[in-house]
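Working notes, beginning with the structure itself.
The values are calculated or read from the model by the stated rules, or taken from the named source; none is laboratory data. Given the structure is predicted, the values throughout are model-derived calculations rather than measurements. Quick reminder, even Gly has a Cβ in these numbers, built from the backbone with ideal geometry, and neighbours come from all protein chains shown. For the accessible areas, the whole protein counts, side chains as well, though only heavy atoms, and no ligand, DNA or RNA atoms are used. Shrake-Rupley method; radii C 1.70, N 1.55, O 1.52, S 1.80 Å.
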Amino acid sequence: MDNMNLNKHISGQFNTELEAVRNNVLAMGGLVEQQLGDALTALHQQDQDLARKVVETDLEVNGMEVTIDEECTRIIAKRQPAASDLRLILMISKTVTDLERMGDVAERLVRMVLNNTNRPQPLLVSLESMGRQCIKMLHDALDAFARMDVEAAVQLYHDDDKIDQLYEGIIRQLMTYMMEDPRTIPQVMEVLWAARALERIGDRCQHISDYIIYCVKGKDVRHTKVSDPNAI
(Lines give C-alpha, C1' and ligand atoms only; values in the text may rest on other atoms or scores of the structure.)
Protein backbone atom coordinates (compact mmCIF):
# COMPACT_ATOMS: atom_id res chain seq x y z
CA MET A 1 0.00 0.00 0.00
CA ASP A 2 3.04 2.33 0.26
CA ASN A 3 2.72 3.33 -3.40
CA MET A 4 -0.63 4.91 -2.75
CA ASN A 5 0.38 6.86 0.40
CA LEU A 6 -3.02 6.18 1.91
CA ASN A 7 -2.21 7.71 5.27
CA LYS A 8 -2.02 11.15 3.64
CA HIS A 9 -5.61 10.96 2.50
CA ILE A 10 -7.66 9.07 5.08
CA SER A 11 -8.14 8.69 8.79
CA GLY A 12 -6.23 6.10 10.79
CA GLN A 13 -9.42 4.12 11.44
CA PHE A 14 -10.34 4.17 7.76
CA ASN A 15 -6.86 2.96 6.90
CA THR A 16 -7.25 0.11 9.39
CA GLU A 17 -10.53 -0.92 7.81
CA LEU A 18 -9.03 -0.91 4.32
CA GLU A 19 -6.02 -2.91 5.48
CA ALA A 20 -8.32 -5.48 7.08
CA VAL A 21 -10.40 -5.97 3.94
CA ARG A 22 -7.27 -6.05 1.77
CA ASN A 23 -5.82 -8.80 3.97
CA ASN A 24 -9.06 -10.73 3.63
CA VAL A 25 -8.70 -10.56 -0.15
CA LEU A 26 -5.17 -11.96 0.08
CA ALA A 27 -6.39 -14.75 2.38
CA MET A 28 -9.15 -15.59 -0.10
CA GLY A 29 -6.64 -15.56 -2.95
CA GLY A 30 -4.34 -17.91 -1.06
CA LEU A 31 -7.23 -20.30 -0.50
CA VAL A 32 -8.14 -20.25 -4.20
CA GLU A 33 -4.49 -20.86 -5.10
CA GLN A 34 -4.46 -23.94 -2.85
CA GLN A 35 -7.82 -25.02 -4.25
CA LEU A 36 -6.51 -24.93 -7.82
CA GLY A 37 -3.41 -26.88 -6.87
CA ASP A 38 -5.50 -29.56 -5.17
CA ALA A 39 -7.92 -29.69 -8.12
CA LEU A 40 -5.06 -30.26 -10.54
CA THR A 41 -3.61 -33.02 -8.38
CA ALA A 42 -7.02 -34.67 -7.94
CA LEU A 43 -7.62 -34.53 -11.68
CA HIS A 44 -4.35 -36.20 -12.62
CA GLN A 45 -4.41 -38.77 -9.84
CA GLN A 46 -8.18 -39.37 -9.96
CA ASP A 47 -8.18 -38.75 -6.21
CA GLN A 48 -11.78 -38.82 -4.98
CA ASP A 49 -11.01 -37.69 -1.43
CA LEU A 50 -9.00 -34.68 -2.57
CA ALA A 51 -11.73 -33.84 -5.08
CA ARG A 52 -14.31 -33.73 -2.29
CA LYS A 53 -12.00 -31.48 -0.27
CA VAL A 54 -11.87 -29.02 -3.18
CA VAL A 55 -15.66 -28.93 -3.32
CA GLU A 56 -15.81 -28.16 0.41
CA THR A 57 -13.19 -25.44 0.03
CA ASP A 58 -15.27 -23.80 -2.70
CA LEU A 59 -18.05 -23.22 -0.18
CA GLU A 60 -15.56 -21.42 2.05
CA VAL A 61 -14.37 -19.30 -0.89
CA ASN A 62 -17.96 -18.36 -1.71
CA GLY A 63 -18.53 -17.29 1.88
CA MET A 64 -15.41 -15.12 1.84
CA GLU A 65 -16.60 -13.36 -1.31
CA VAL A 66 -19.92 -12.47 0.35
CA THR A 67 -18.21 -11.26 3.54
CA ILE A 68 -15.71 -9.06 1.68
CA ASP A 69 -18.40 -7.57 -0.55
CA GLU A 70 -20.50 -6.75 2.49
CA GLU A 71 -17.52 -5.06 4.11
CA CYS A 72 -16.87 -3.01 0.95
CA THR A 73 -20.51 -1.89 0.91
CA ARG A 74 -20.32 -0.94 4.59
CA ILE A 75 -17.15 1.10 4.06
CA ILE A 76 -18.66 2.98 1.11
CA ALA A 77 -21.82 3.77 3.08
CA LYS A 78 -19.95 4.78 6.24
CA ARG A 79 -16.87 6.55 4.86
CA GLN A 80 -18.07 7.81 1.47
CA PRO A 81 -14.57 7.40 -0.02
CA ALA A 82 -13.40 9.43 -3.01
CA ALA A 83 -10.53 9.36 -5.51
CA SER A 84 -7.91 6.67 -4.82
CA ASP A 85 -9.82 5.35 -1.80
CA LEU A 86 -12.92 4.68 -3.88
CA ARG A 87 -10.82 3.10 -6.63
CA LEU A 88 -9.33 0.73 -4.05
CA ILE A 89 -12.75 -0.36 -2.81
CA LEU A 90 -14.01 -0.91 -6.36
CA MET A 91 -10.84 -2.86 -7.16
CA ILE A 92 -11.30 -5.12 -4.15
CA SER A 93 -14.93 -5.83 -5.04
CA LYS A 94 -14.02 -6.76 -8.61
CA THR A 95 -11.00 -8.82 -7.54
CA VAL A 96 -12.99 -11.04 -5.18
CA THR A 97 -15.47 -11.72 -7.99
CA ASP A 98 -12.66 -12.97 -10.23
CA LEU A 99 -11.19 -15.02 -7.39
CA GLU A 100 -14.55 -16.64 -6.68
CA ARG A 101 -14.90 -17.61 -10.33
CA MET A 102 -11.43 -19.15 -10.29
CA GLY A 103 -12.62 -21.19 -7.33
CA ASP A 104 -15.62 -22.27 -9.40
CA VAL A 105 -13.21 -23.54 -12.06
CA ALA A 106 -11.42 -25.68 -9.47
CA GLU A 107 -14.75 -27.07 -8.29
CA ARG A 108 -15.85 -27.87 -11.83
CA LEU A 109 -12.53 -29.58 -12.58
CA VAL A 110 -12.89 -32.01 -9.68
CA ARG A 111 -16.48 -32.77 -10.71
CA MET A 112 -14.84 -34.57 -13.63
CA VAL A 113 -13.25 -36.86 -11.05
CA LEU A 114 -16.34 -37.30 -8.89
CA ASN A 115 -18.60 -38.00 -11.87
CA ASN A 116 -16.28 -40.76 -13.09
CA THR A 117 -16.33 -42.80 -9.88
CA ASN A 118 -17.18 -46.07 -11.61
CA ARG A 119 -15.17 -45.46 -14.77
CA PRO A 120 -12.01 -43.50 -13.96
CA GLN A 121 -10.32 -42.37 -17.15
CA PRO A 122 -6.90 -40.81 -17.61
CA LEU A 123 -6.85 -37.47 -19.39
CA LEU A 124 -6.15 -37.66 -23.11
CA VAL A 125 -3.55 -34.90 -22.74
CA SER A 126 -1.69 -33.53 -19.75
CA LEU A 127 -3.00 -30.28 -18.29
CA GLU A 128 -0.23 -30.21 -15.68
CA SER A 129 2.03 -27.64 -17.33
CA MET A 130 -0.80 -25.27 -18.18
CA GLY A 131 -2.38 -25.68 -14.75
CA ARG A 132 0.86 -24.96 -12.90
CA GLN A 133 1.41 -21.88 -15.05
CA CYS A 134 -2.07 -20.67 -14.09
CA ILE A 135 -1.33 -21.19 -10.40
CA LYS A 136 1.95 -19.29 -10.73
CA MET A 137 0.19 -16.46 -12.50
CA LEU A 138 -2.41 -16.25 -9.73
CA HIS A 139 0.37 -16.21 -7.11
CA ASP A 140 2.11 -13.38 -8.97
CA ALA A 141 -1.17 -11.47 -9.33
CA LEU A 142 -1.78 -11.67 -5.59
CA ASP A 143 1.79 -10.55 -4.92
CA ALA A 144 1.32 -7.56 -7.24
CA PHE A 145 -1.97 -6.79 -5.48
CA ALA A 146 -0.31 -6.89 -2.06
CA ARG A 147 2.41 -4.45 -3.16
CA MET A 148 0.30 -2.41 -5.59
CA ASP A 149 3.11 -2.99 -8.06
CA VAL A 150 2.30 -1.67 -11.54
CA GLU A 151 5.40 -3.20 -13.16
CA ALA A 152 4.49 -6.64 -11.80
CA ALA A 153 0.92 -6.11 -13.00
CA VAL A 154 2.14 -5.40 -16.54
CA GLN A 155 4.27 -8.58 -16.44
CA LEU A 156 1.05 -10.57 -16.01
CA TYR A 157 0.12 -9.70 -19.60
CA HIS A 158 3.19 -11.61 -20.80
CA ASP A 159 2.38 -14.52 -18.49
CA ASP A 160 -1.10 -14.75 -19.98
CA ASP A 161 0.45 -15.05 -23.46
CA LYS A 162 2.32 -18.17 -22.25
CA ILE A 163 -0.92 -19.72 -21.03
CA ASP A 164 -2.61 -18.95 -24.34
CA GLN A 165 0.20 -20.73 -26.19
CA LEU A 166 -0.10 -23.81 -23.97
CA TYR A 167 -3.86 -23.81 -24.53
CA GLU A 168 -3.44 -23.70 -28.30
CA GLY A 169 -1.05 -26.66 -28.13
CA ILE A 170 -3.58 -28.69 -26.14
CA ILE A 171 -6.32 -27.86 -28.63
CA ARG A 172 -4.18 -29.17 -31.49
CA GLN A 173 -3.54 -32.42 -29.62
CA LEU A 174 -7.23 -32.92 -28.86
CA MET A 175 -8.22 -32.24 -32.47
CA THR A 176 -5.79 -34.94 -33.55
CA TYR A 177 -7.38 -37.44 -31.18
CA MET A 178 -10.86 -36.71 -32.54
CA MET A 179 -9.80 -37.05 -36.16
CA GLU A 180 -7.96 -40.32 -35.54
CA ASP A 181 -10.68 -41.91 -33.42
CA PRO A 182 -14.18 -40.34 -33.34
CA ARG A 183 -15.03 -42.56 -30.34
CA THR A 184 -12.89 -40.25 -28.20
CA ILE A 185 -15.08 -37.22 -28.93
CA PRO A 186 -17.03 -37.29 -25.60
CA GLN A 187 -13.80 -37.48 -23.61
CA VAL A 188 -12.14 -34.88 -25.82
CA MET A 189 -14.99 -32.45 -25.18
CA GLU A 190 -14.61 -32.93 -21.43
CA VAL A 191 -10.86 -32.27 -21.52
CA LEU A 192 -11.43 -29.37 -23.91
CA TRP A 193 -13.71 -27.74 -21.36
CA ALA A 194 -11.10 -28.22 -18.62
CA ALA A 195 -8.39 -26.63 -20.78
CA ARG A 196 -10.64 -23.70 -21.64
CA ALA A 197 -11.46 -23.20 -17.96
CA LEU A 198 -7.77 -23.05 -17.10
CA GLU A 199 -7.17 -20.58 -19.92
CA ARG A 200 -9.86 -18.35 -18.41
CA ILE A 201 -7.95 -18.31 -15.12
CA GLY A 202 -5.13 -16.55 -16.97
CA ASP A 203 -7.63 -14.01 -18.25
CA ARG A 204 -8.97 -13.39 -14.75
CA CYS A 205 -5.45 -12.87 -13.42
CA GLN A 206 -4.99 -10.32 -16.16
CA HIS A 207 -8.18 -8.63 -14.95
CA ILE A 208 -6.53 -8.24 -11.54
CA SER A 209 -3.56 -6.57 -13.22
CA ASP A 210 -5.98 -4.13 -14.88
CA TYR A 211 -7.51 -3.33 -11.48
CA ILE A 212 -4.07 -2.68 -9.96
CA ILE A 213 -3.16 -0.26 -12.75
CA TYR A 214 -6.52 1.48 -12.41
CA CYS A 215 -6.15 1.75 -8.64
CA VAL A 216 -2.60 3.13 -8.68
CA LYS A 217 -2.65 5.19 -11.87
CA GLY A 218 -6.32 6.06 -12.11
CA LYS A 219 -6.32 4.85 -15.71
CA ASP A 220 -8.66 2.21 -17.13
CA VAL A 221 -6.56 -0.07 -19.34
CA ARG A 222 -9.16 -2.75 -19.95
CA HIS A 223 -9.42 -3.89 -23.58
CA THR A 224 -5.91 -2.55 -24.27
CA LYS A 225 -2.61 -4.37 -24.51
CA VAL A 226 -0.20 -2.93 -21.96
CA SER A 227 3.47 -3.82 -22.51
CA ASP A 228 5.37 -0.93 -20.93
CA PRO A 229 4.56 0.34 -17.41
CA ASN A 230 6.27 3.65 -18.21
CA ALA A 231 3.75 4.29 -20.96
CA ILE A 232 0.78 4.18 -18.61
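Structural remarks
- Ellipticity estimate at 222 nm from DSSP helix runs (n ≥ 4, -39,500 (n - 2.57)) divided over the chain, nearest 500: -28500 deg cm²/dmol
- Bridging of K162 to aspartates and glutamates at a Cα separation below 12 Å is possible for E199, D203, once same-chain residues fewer than 8 apart are set aside.
- Answer label for Cα Rg over 2.2 N^0.38 Å (calculated), chosen among (1) 1.00; (2) 1.52; (3) 1.12: (3)
- Calculated FRET efficiency for the pair E56/T224, C-beta based, R₀ 30 Å, to 0.05: 0.15
- Largest accessible area first, the listed residues S209, S129 line up as S129, S209 when surface is computed with a 1.4 Å probe on the assembled protein chains.
- Counting protein heavy atoms only, segment 17-161 has 49 percent of its accessible area on carbon and sulfur, 1.4 angstrom probe.
- Taking 0.36 nm per residue of separation and subtracting the current Cα-Cα distance, fully stretching the chain between V66 and A83 would add 3.7 nm.
- Counting 0.36 nm for each residue step from K162 to A27 and taking away their Cα separation leaves a gain of 46.0 nm.
- Under 22 Å of direct C-alpha separation, and excluding same-chain neighbours fewer than eight residues apart, K219 reaches these lysines: K8, K94.
- Between I171 and D203, the FRET efficiency estimated from the beta carbon spacing at R0 = 22 angstrom works out to 0.90.
- Average accessible surface for the chain: 48 Å² per residue, computed with a 1.4 Å probe over protein heavy atoms with every protein chain in place.
- Relative contact order %, the chain, counting alpha carbon pairs below 8 Å whose residues are six or more apart: 26
- Taking the Cα centre of the chain as reference, the dipole from Cβ charges on Lys and Arg (+1) and Asp and Glu (-1) amounts to some 380 debye.
- Where labels lie 7 Å past Cα in the beta-carbon direction, separation of D104 and D143 in nm: 2.9
- With Cα atoms defining each centre, segment 75-137 and segment 155-177 are spaced 19 Å apart in the structure.
- On the basis of the beta-carbon distance and an R0 of 30 Å, H44 and E180 show a calculated FRET efficiency of 0.85.
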